[in-house]
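Written out below as structure tokens is the structure these notes cover.
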Amino acid sequence: MATLRRFGRGLREATGDTGTLQFTRIALWGAIGLNALAGVATLWFLWVTYQPDSQISRILSSKLRASGATSHDSLRAMTAFQVGVVVIVAYVLYTLLAIVDSVDEGDPFVQSNAARLRRIAWTIMGLEIVRWVVAAILRGSAVALERPNLGLPFSTAEIVAVLMLFVLARVFEHGAQMRDDLAGTV
Amino acid sequence: MPIVVKLDDMLYARRMTLTELADRVGMTLANLSILKTGKARAVRFSTLEAICQVLRCQPGDLLQYEPSTRARR
């Protein structure tokens, strides 16, 4: 029984405000690390595509020929685009980290957080639009982007996420105004 | 701001310092300074009541509306 009580207390602490914040910070740093690794791997892969005599390049060429693609160019374009995605994802993750830090400091309802959320929303929306365009251009390539098979050219989850971010930005903006009013109330 | 706080005048009339007033109404000196310098965005009725009680005055003695003063926002 005592063990169950300790477990319950631990669970409440882990999922309470402080626990969630710590978990989020750890998860964000983990994501930043993974994103950085992905960036390094992508840059290496991009370099490989410019080394025609390398083993990997020869394997890629045969696979591309088997899929009907005619050159490395589409692969390079995709890889270069992926480098850009890594940079943008890093920006989004660091911005999220700044928001989490402000919550930890006890002052999340500030105009800067509303602006950060709005920038993240625009960034993700821009990224999705560019991804659709690139996918359309590279249709038929062996390394074309895979989309969920919903019969739609886009993912509804991502659209909902973008809309939610815009709404959240407005909520934070309103919260910041209320906080400013409260700060000036005697 | 068009609403001007005349706390200085009342404090002078009652020969009281801001610190004394803060102690007697139970407010921090910082908050009372915000009110005195016209930086407050809102005043609670409870605060107004406490100040009027200590200074033995009316709210109208403390607050005046001067539309010619530019609103600071």
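Please specify each residue of segment A:158-186 satisfying the condition of being within 14 Å of another protein chain (Cβ to nearest Cβ) and either without any contact (Cβ under 8 Å) to a residue 24 or more places away in the chain or loosely packed, with under 15 Cβ neighbours inside 10 Å (or both). Let's see the steps before the verdict.
Of all residues in segment A:158-186, those within 14 Å of another protein chain (Cβ to nearest Cβ) come to A:176-186.
A:GLN177, A:MET178, A:ASP180, A:ASP181, A:LEU182, A:ALA183, A:GLY184, A:THR185, A:VAL186 - these are the residues of segment A:158-186 that are within 14 Å of another protein chain (Cβ to nearest Cβ) and either without any contact (Cβ under 8 Å) to a residue 24 or more places away in the chain or loosely packed, with under 15 Cβ neighbours inside 10 Å (or both).
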Verdict on B:PRO59 being over 11 Å from the mean Cα position of the chain (by Cα), surrounded by fewer than 16 Cβ atoms within 10 Å (Cβ to Cβ) and more than 10 Å from every other protein chain (Cβ to nearest Cβ): no
Applying the selection to segment B:32-55, what residues are closer than 14 Å to B:LEU21 by Cα and small (Gly, Ala, Ser)? B:SER33, B:ALA50
Taking B:LEU7 as the residue in question, decide whether it is buried (at least 16 other Cβ atoms within 10 Å of the Cβ), at pLDDT below 95 and within 14 Å of chain A (Cβ to nearest Cβ). yes
Long-range neighbours under 6 Å by Cβ, at least six apart or interchain, first residue within 11 Å of chain A (Cβ to nearest Cβ) within segment B:20-47, second crowded, with 18+ Cβ neighbours inside 10 Å and assigned to a loop (DSSP other than H, G, I, E, B): B:ASN31/A:VAL186; B:ILE34/A:VAL186; B:ILE34/B:ALA40; B:LEU35/A:VAL186; B:ALA40/A:VAL186; B:VAL43/A:VAL186; B:THR47/A:VAL186
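The values are calculated or read from the model by the stated rules, or taken from the named source; none is laboratory data. No experiment lies behind these values; they were computed from the predicted model shown. Note that each Cβ is placed from the backbone with ideal geometry, even for glycine, and that neighbours are counted across all protein chains shown.
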